[in-house]
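Visitor: Would you mind keeping the following structure in view while I ask a few things?
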Amino acid sequence: MTLPQWDEIQDQLGEIDAPNSPSEAHGMLCGLLCMGVAGARRTWSERALDGAAVEGALDVLYGETLRQLDDAVFEFELLLPDDEHADLDTRTAALAGWCTGFAFGIGASGRGEGELPADSSEFLHDVVRIAQAEAADEEDDEAAYAEVVEYVRMGVLLTRTECAASARDEGQLQ
């Protein structure tokens, strides 16, 4: 199974007047899940969806994201606009929003930066820098964009692995 389409999530977020873009909402969800937040679904609903119910495509997004984060073959993907239908500036802005949401989700977990394993802490610093990224629409930037997306994807999986152990020890893994 795969994540719902970015446009589908955008439509549902628009219907509930959610304050976040699809990418930012997904990043926030991933941050919460990586930290093993007990009640991540409720927290995500309150913070990213203005308290709206997690149903329809959002429910699929939640379930599929959780499955992908724990998948043994690293199928995890970021919810970003399709390369074929969005220009590089749009995709870069969505990636920056995803990273903003991820950092927010980590912060909303209640775990301070000093409580993160060293590699996850370093990755979080990188995510904050990526959140400030802008693209110049040049051919070489396509390759750089793809590399950054892959770096973020793998960093999220690393963070989930590192932080899940401590959350599991505390009995709160989601």
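Residues are listed down the side, and each one gets a yes or a no for (1) at pLDDT 95 or above; (2) over 16 Å from the mean Cα position of the chain (by Cα):
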| position | (1), (2) |
| --- | --- |
| M28 | yes, no |
| A53 | no, yes |
| G56 | no, yes |
| D59 | yes, no |
| D71 | no, no |
| L80 | yes, no |
| H85 | no, yes |
| T90 | no, yes |
| L95 | yes, no |
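Visitor: Another question, then. Answer with yes or no whether F123 is more than 20 Å from W6 (Cα to Cα), among the hydrophobic types (A, V, I, L, M, F, W, C) and assigned to a helix (DSSP H, G or I).
Guide: Considered against the rule, which asks whether it is more than 20 Å from W6 (Cα to Cα), among the hydrophobic types (A, V, I, L, M, F, W, C) and assigned to a helix (DSSP H, G or I), F123 comes out as yes.
Visitor: Determine if region 157-174 includes at least one residue that is out of contact with any Gly (no Cβ under 7 Å at 6 or more places or on another chain), exposed (fewer than 12 other Cβ atoms within 10 Å of the Cβ) and either at pLDDT 90 or above or over 25 Å from V37 (Cβ atoms) (or both).
Guide: Looking through region 157-174, none of the residues is out of contact with any Gly (no Cβ under 7 Å at 6 or more places or on another chain), exposed (fewer than 12 other Cβ atoms within 10 Å of the Cβ) and either at pLDDT 90 or above or over 25 Å from V37 (Cβ atoms) (or both).
Visitor: Something else: Of all residues in region 79-95 being aliphatic (A, V, I, L, M) and surrounded by fewer than 21 Cβ atoms within 10 Å (Cβ to Cβ), which is farthest from T159 (Cα to Cα)? So that I can check it myself, show each step before the final result.
Guide: First, the residues of region 79-95 that are aliphatic (A, V, I, L, M): 79-80, 86, 88, 93-95.
Still in the list and also surrounded by fewer than 21 Cβ atoms within 10 Å (Cβ to Cβ): 86, 88, 93.
Details: A86: 29, L88: 27, A93: 23 Å.
In this case the residue turns out to be A86.
Visitor: So, restricting to helices (runs of 4 or more DSSP H) that lie completely within region 1-118, which ones have at least 2 residues that are acidic (D, E)? So that I can check it myself, show each step before the final result.
Guide: Numbers: elements: 6-15, 22-34, 40-48, 57-69, 88-108.
Correct list: 6-15, 57-69.
The values are calculated or read from the model by the stated rules, or taken from the named source; none is laboratory data. On a predicted model such as this, the values are computed, not experimentally measured, just so you know. We place every Cβ from the backbone using ideal geometry, glycine too, and count neighbours over all the protein chains shown.
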